[in-house]
1. Taking a threshold of 27 Å on the Cα-Cα distance, which of the pairs A:Lys87/C:Lys240; A:Lys23/A:Lys298; A:Lys34/C:Lys240; A:Lys91/C:Lys240 fall above it?
2. Shape call for chain A from the C-alpha gyration tensor, a ≥ b ≥ c root eigenvalues: rounded (a/c under 1.5), prolate (a/b greater than b/c) or oblate?
3. Run through all the Cα pairs of the stretch A:19-85 and give the fraction in each 5 Å bin from 0, expressed as whole percent.
4. First check a/c for chain C, with a ≥ b ≥ c the square roots of the eigenvalues of its C-alpha gyration tensor; if it is under 1.5, answer rounded, and if not, answer prolate when a/b is larger than b/c or oblate otherwise.
5. How much net charge surrounds B:Thr203 when only the other residues with a Cβ under 12 Å from the Cβ of B:Thr203 are counted, with Lys and Arg +1 and Asp and Glu -1?
6. I want to verify a result. In a Gaussian network model of chain C, Cα cutoff 10 Å, which of these has the top mean-square fluctuation: C:Val47, C:Val19, C:Val254?
7. Under the rule a/c < 1.5 gives rounded, and otherwise a/b versus b/c splits prolate from oblate, where does the protein assembly as shown land using the Cα gyration tensor?
8. Can you find, among A:Gly141, B:Thr152, C:Val214, the residue sitting farthest towards the positive end of the charge dipole of the protein assembly as shown, where Lys and Arg contribute +1 and Asp and Glu -1 at Cβ?
Amino acid sequence: MNTPVLSVDALSVEIPTRHGLLKPVDQVSWDIAKGEILGVVGESGAGKSMTGNAVIGLLDRPARISGGQVRLNGTRIDNLTPAQMRKVRGKQIGMVFQDPLTSLNPLLTIGDQLSETIETHLAVGRTEARKRAIAALDEVGIPAAKDRIDSYPFEFSGGMRQRVVIALALCAEPSLIIADEPTTALDVSVQAQVIALLKRICRERGAAVMLITHDMGVIAETADRVAVMYAGRLAEIGPVAQVLGAPRHPYTHGLMGATPLASKGRKRLAQIPGAMPRLGALPNGCAFHPRCPKAQDKCKSDPRPTVQDGAGRAACWFPMEDA
Amino acid sequence: MTDFPQPDAVKQAQDPGRMSRLWASDFAYAFRRSPVAIGATAVVLVLVLAAIFAPLIAPHDPFNPATLNLMNGFTPPGTPNAFTGDTFWLGTDDQGRDVFSTILYGLRISLFVGFSAVLLALIIGVTLGLIAGYAGGWAETIIMRVADVQLTFPAILVAMLIFGVAKGITPPEYRNQMAIWVLIIAIGLSDWVQFARVVRGATLVEKNKEYVQAARLIGRTGPAIMLRHILPNVLSPVLVIATISLALAIIAEATLSFLGVGAPPTQPSLGTLIRIGQGFLFSGEWWILLFPSITLLALALAVNLMGDWLRDALNPRLK
Amino acid sequence: MIAFILRRVFQSVIVLLIVGLVAFSMFRFVGDPIENMLGQERTQADVDRLRTQLGLDQPFIVQYLKFLGNAAQGNFGVSYRQGRPVATILAERAPATLELAAVSGTLAVLVGIGMGVFTAIRRNGVASNVIMSLSLVGVSLPTFLIGILLIYLFSVELDLLPSFGRGDTVMVGGWSTGFLTKSGLLALILPSITLGLYQMTLIMRLVRSEMLEVLRQDYIRFARARGLPERVVNFRHALKNTLVPVITVTGLQVGSIIAFAIITETVFQWPGVGLLFINAIQFVDIPVMAAYLMLISVMFVAINLIVDLLYFAIDPRLRIDGRH
């Protein structure tokens, strides 16, 4: 197999606080290959976004990477200097944020924002940068890109703005795209279009995508593989069909029970009892055990078993059997 | 906190009974934890006490010509006078007045004008703010428009104009006697807007709360509701503004007096003393200028720090 | 946009009419203008003649309108104290104040914004903390004490800079300027620092807090995520957004510089309109006070209008919404 585009190896993030060290990301490992879309799901606070920020080197102080490695196309990037890391951002890793309304600078035209990004990363002049900016807008499906390039963000609708944001993230042709809840803030009708756009461009360019979302529907439609996070740890990872169809981790299983899928008919949605623990009060052993129907004594002391299951793996002592 | 007997006494002196019930514990705790607040309050307290008891503390009465000896003029601090052999702590001015005594009496006037002006601004501002917020309609429009126009101009300029006009109205023979009162009115009238704005804002919020509606239902009249129900709820932002205004008023008074349009030489405030002292800057009698200046700076800085701290401690949404 | 500007102009005119009413009332009711002008030796005939001449026998509203008409033509009457037309005196004095205010204002805006940005970017640096602590002392220092302190340091002790007056001035087309002589420029240094320091502190603190707020925004994060250099993120993206709220306050501050010049001019015996105004108050020279009030109001109103126009220049949302 070729070198993966992104390789995250036992990555941990810690935040020192007055009440001790918090670990919002704890020994997370995964690879994303060229042209592959990895969906990352989990509740708010599960560490999805924090992992994305750690990869692109935008952790807010005092959070910091405390262990593990991040490799991009085989090269370590977690130990680069800020100046080196800046050259990686935008050029090799593109990032799309949740809210298109606030991601664009309201006082600069979208042409200005595109051109400055292109000029920063590609050795091109002003005219060429503008030409490429128009092309980038064309590519994400902005109609009459040539006329609209000098418009300000507020002159676009939410869906159009997210297309601009995607154009901005992609304009320097990065090999990895991190999309952090790219559709959450959009109307349902627009969500599908934006997801389809993201999918199409990545396929065409062969970029790897880390798609962070809490929407199982988006994962099912878009991703090749899915990683499930819980309390900063990776609970389960594997091909979408396998994880969604036959989840091994009880948490994933519970999550599927709580997700309305058209195929499941009109059964009452199941709930997982309890709530995800706060980072400051993680239980010993498996973080899920207080809520787990299958928990036994072992789960309360021994933290992370890994069960390999074909192309997937789950961090559980007592994985679910096929239904 | 046995090393520091003052803070608790200070705190109680500051607290009107009703407020202390509201935030006594948190407030007192925050106060004990802040060396800046303790220090600033101590400085203010010392200066206020010194001003109140000036006649008892001051070695001389600078306004009684009988106790003055022109021979004592320009005595440097701490050294005996060449002619009379008298020693003065902070030296004397050109007329032989003891600088320490004039500062104590000047402080008295500065603080009196400052507190009175703030009190006047507070009464006007709170009353108009309550009316604007509670009554609404044309009363609100007029009050807030006037406030807006006045806010366009710096308070010190408004105070100067009021002072100038008042001086024009007063017959010349009463001008010196009236100067202090005119000063209080001028500064007070220039500073009511902040109070009115905050109180109006808070009143608009409180007006629609259920307890006010209930009071109205049981037949209470407007003024009674405003006084008994709304006023207590706007007290803590008013207290913060009053403290900050006090610093501004003290500086404004000093500035006007320094410019010669405030307290007259017969009743010198700190600003007047600095005005007088500035004349001796080049001739080497530095003490006449330095000591009043330091006193004024300490007072203004300490009150400002208290205001800053109060704002953070009470954390009303002022801005 | 045009409608907005027209509305602001209309509001400005209202403000000016109110101020004019205040100025006129001062003129009319504070002291007796006739007594002030004629002095002790006067006959009843003189009084009556002057009363008619000044139009004091006409109804209040007519007098007010006449006053406004005269004021609009720059005619503010005759100074009680100097016996010369107020307009002439003001015209002589204005260049001194305007030059001082221009230098202080530029200083306050440039240094204030620069230090505000610096302390926001280096939020936890030692230099930033020192600057922030000093600024609190700066806010508590009365302007006149700053002036005296500077005079003491640079004139009395070091003997480097003049402590009073404008130095040598040159007349350029009816405008006396101190910019063209060495002594004129040296004389400007201490007064302009004194005058600008307080506004500078305020602008700095405001820029800092606004900038910190902007730096937390998503679009700054997104700009970083695109690998833009820090310089571009801080100055092109953050600073521009910071300026929108800063402009209002800065505009007001520039306005108050002209008013605060009164204090600085007194400390440095700077022969400007501020010193003139203070003397007018001391001697109850009502025409000068009224004229100064009108002049200052016109300036404030003009500054407010410029601030509104600057909004349009900076914020495209206003510009384009107005176009539709």
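1. Values: A:Lys87/C:Lys240 24 Å; A:Lys23/A:Lys298 22 Å; A:Lys34/C:Lys240 39 Å; A:Lys91/C:Lys240 25 Å.
Result: A:Lys34/C:Lys240 exceed 27 Å.
2. On the way: a/c = 2.05, a/b = 1.60, b/c = 1.28.
Taking the square roots of the gyration eigenvalues as a ≥ b ≥ c, chain A is prolate.
3. Going out from 0 Å in 5 Å bins, the stretch A:19-85 shows 3, 13, 25, 26, 18, 10, 3, 1, 0 percent.
4. Numbers: a/c = 2.88, a/b = 1.58, b/c = 1.83.
The shape class here is oblate.
5. Values: positive: B:Arg197, B:Arg200, B:Lys207, B:Lys209; negative: B:Glu140, B:Glu206.
Every neighbour counted, the sum reads +2.
6. Maximum among the listed residues: C:Val47.
7. Working: a/c = 2.30, a/b = 1.93, b/c = 1.19.
Taking the square roots of the gyration eigenvalues as a ≥ b ≥ c, the protein assembly as shown is prolate.
8. Sorting the options by dipole projection puts first A:Gly141.
Bear in mind these aren't lab numbers, they're just calculated from the coordinates by the rules spelled out. Owing to the predicted nature of the structure, the values given are computational and were not obtained by experimental measurement. Here the Cβ is made from the backbone with ideal geometry for all residues, glycine too, and neighbour counts use every protein chain on show.
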